[in-house]
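Accompanying notes for the structure given below.
The values are calculated or read from the model by the stated rules, or taken from the named source; none is laboratory data. Remember, predicted model here, so these are calculated numbers, not experimental data. Note that we place each Cβ from the backbone using ideal geometry, even for glycine, and neighbour counts take in every protein chain shown. For accessibility, only protein heavy atoms count, side chains too; no ligands or nucleic acids. Shrake-Rupley method; radii C 1.70, N 1.55, O 1.52, S 1.80 Å.
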Amino acid sequence: MLPRLNHPRASCYKERHHRSSCSIRVSDHQNLTRESSELVHISLSPFLLQSPELHCLKLLCNRMETVENIVIAGAGLAGLATALGLHRKGVRSLVLESSATLRASGFAFNTWTNAFRALDALGVGDKIREHHLRYERLVAFSATTGEAAAKVSLKMQGKSGPHEIRCVKRNFLLETLENELPEGTIRYSSKIVAIEEDGNVKVLHLADGSIIRAKVLIGCDGVNSVVAKWLGLPKPILSGRAATRGLAEYPSGHGFGPEILQFIGQGFRSGVLPCSDTSVYWNYTWYPSPSDGDAEESVAKMRSHVLAKLRAAKIPAEALDVIERSEMSDVVSSPLRFRSPLSLVRGIISRRGVCVAGDALHPMTPELGQGGCAALEDGVVLARCLGDAFVAGGGDDDAGHEEIDAALDKFAEARRWRSIQLITAAYVVGFVQQSNNAVIKFLREKFLSGVMAKVMVAMADYDCGKL
């Protein structure tokens, strides 16, 4: 409820007069729930009722308090997938996004077989397929010799059907998910700054001063998750590696085949991945050092740094052209972080109506290309567990706290070991691919590159199930 209005001249009436109340119907207000109007009741003394609308509106502006059953922090892949999954099951949620618009950092990402199974469960798989190339093979080249160290077919059969891998533009996927949600599901410029408990209800304080009382809080708020911190999960660890990336457009066609190209060795890992017939995504990860000089100062200097490293290795000219003509993010590079797998063995993923998903749960290094894919898996599993609890209770308002806690615990246990497996495998693959150790370099050139490529495919051979 909204706090009583403290007014120095109103207090004298408390003992002599009964309090009265006024009501304001607020429609289409960004600080209220989406589809229906809300009645906000504010208790006022008779003295203040001389101008009730004025005082009620002043309170609305200063401190809006609303009630929601399910609040999702973060409109990234995990947050939107969870919201869409719940919507498909007839359960409403509110997504709070701290930025003013959808954020599509990273340009694109490898969307593996497991991610497409999740997208199909959400009902948007075919919309993504229509705009992105399907890969037929992965070729890993030695940056030292320029020769192919491994070739892996991506048309092989997996446990639950044929493999399917595409490089999907992140903004296209986010917009597709958003367009499937009811209008008003996402509330932008809404950052959670504090979380309190009031019995079984979570009281969320937002940066704009508004307050939301939520029965369920789902943290999909990224690596620096406020919700993960509230649960007591430790901060992600710096891997010692950094990454930069870009997207190149070829209006007349790029000429690359339907394949993932990787260049590994000499302390870096780089990839060239066609998204469509006219766009190509690239990435580059390395161990930063003082010898990098002023590469971090601007996009131009970072591009020059990457090109210098690649030209010193045996990288084909067409791969260099992708980087030369590409658009790069204003964020020049990002340190790669991951959550310690040991912290998830006994760590609290869900507690009393609160849980985490996506990067808030399992930040990992990018070598497997599974960060975004795992976030989509999370969304389907979480929507299934939580949605079933609300549907069994009769709808939005009828799921009890015990049923909610059981549903979130079920999600946590289903995702705990999968998260540990992906984080560990990604770190090991990255270490082997970028190590300068003489023994590892020798083994990598001889057979480890093939083993690592097969590990990537194996990690994608997973089905999160239906809603």
So which GluC sites (Glu not before Pro) in the range 160-233 end up in coil per DSSP with only 15 or fewer other C-beta atoms within 10 Å? Glu183
What FRET efficiency comes out for Asp294 versus Asp330 if R0 is 22 angstrom and r is the Cβ-Cβ distance? Round to the nearest 0.05. 0.85
Among the aspartates and glutamates, select those whose C-alpha is under 18 Å from the C-alpha of Lys466, and discard any that sit fewer than 8 residues away in the same chain. Asp120, Asp126, Glu164, Glu180, Glu377, Asp378, Asp388, Glu413
Full-extension gain in nm, Lys229 to Leu307, via 0.36 nm per residue minus C-alpha separation: 24.2 nm
Given 20 °C, 1.002 mPa s and a Kirkwood radius over Cα pairs, the Stokes-Einstein diffusion coefficient of the range 66-460 in µm²/s is 99 µm²/s
Per-residue [θ]222 nm for the chain (sum of -39500 (n - 2.57) over DSSP H runs n ≥ 4, rounded to 500): -10500 deg cm²/dmol
Probe 1.4 Å, all protein chains in place: accessible area of Ser329 in Å², nearest 10? 40 Å²
DSSP beta bridge pairing in the range 135-285, given as percent antiparallel to the nearest 5: 85 percent
Report in % the part of the accessible area of the chain that belongs to carbon and sulfur, leaving out ligands and nucleic acids; probe 1.4 Å. 51 percent
Quick one: if you take sqrt(5λ) for each eigenvalue of the C-alpha gyration tensor of the range 171-262, what semi-axes come out, biggest first, whole angstrom? 37, 21, 11
Rel. contact order, % - alpha carbon contacts under 8 angstrom, at least six apart, the range 66-460: 23 percent
Using a 1.4 angstrom probe and counting only protein chains, how large is the accessible area of Phe431 in Å², to 10? 90 Å²
To the nearest 10 Å², what's Asp277's accessible area with a 1.4 Å probe? 100 Å²
Å² per residue, accessible surface of the chain at 1.4 Å: 44 Å²
Which Rg and Dmax, in Å, describe the Cα atoms of the range 107-200? 19.3, 64
Does the range 266-380 come out rounded, prolate or oblate by the C-alpha gyration tensor, with a ≥ b ≥ c the root eigenvalues, rounded set by a/c under 1.5 and, if not, prolate when a/b is larger than b/c and oblate if not? prolate
Consider all pairwise Cα distances in the range 71-133 and report the whole-number % of them above 18 Å. 44 percent
From largest accessible area down, sort Lys309, Lys202; use a 1.4 Å probe on the protein chains. Lys309, Lys202
When the Cα centres of the range 345-369 and the range 298-324 are compared, how far apart do they sit, in Å? 34 Å
P(r) of the range 336-413 in 5 Å steps, Cα pairs, percent per bin? 3, 15, 23, 22, 16, 10, 6, 4, 1
Check each of the trypsin sites (Lys or Arg not before Pro) in the range 323-386 and keep only those in coil by DSSP with at most 11 other C-beta atoms within 10 angstrom; list them in order. Arg346
Applying the gyration tensor rule to the Cα atoms of the range 173-222 (axes a ≥ b ≥ c; rounded if a/c under 1.5, else prolate if a/b exceeds b/c, else oblate), the class is prolate
What percent antiparallel are the DSSP beta bridges of the chain, to the nearest 5? 70 percent
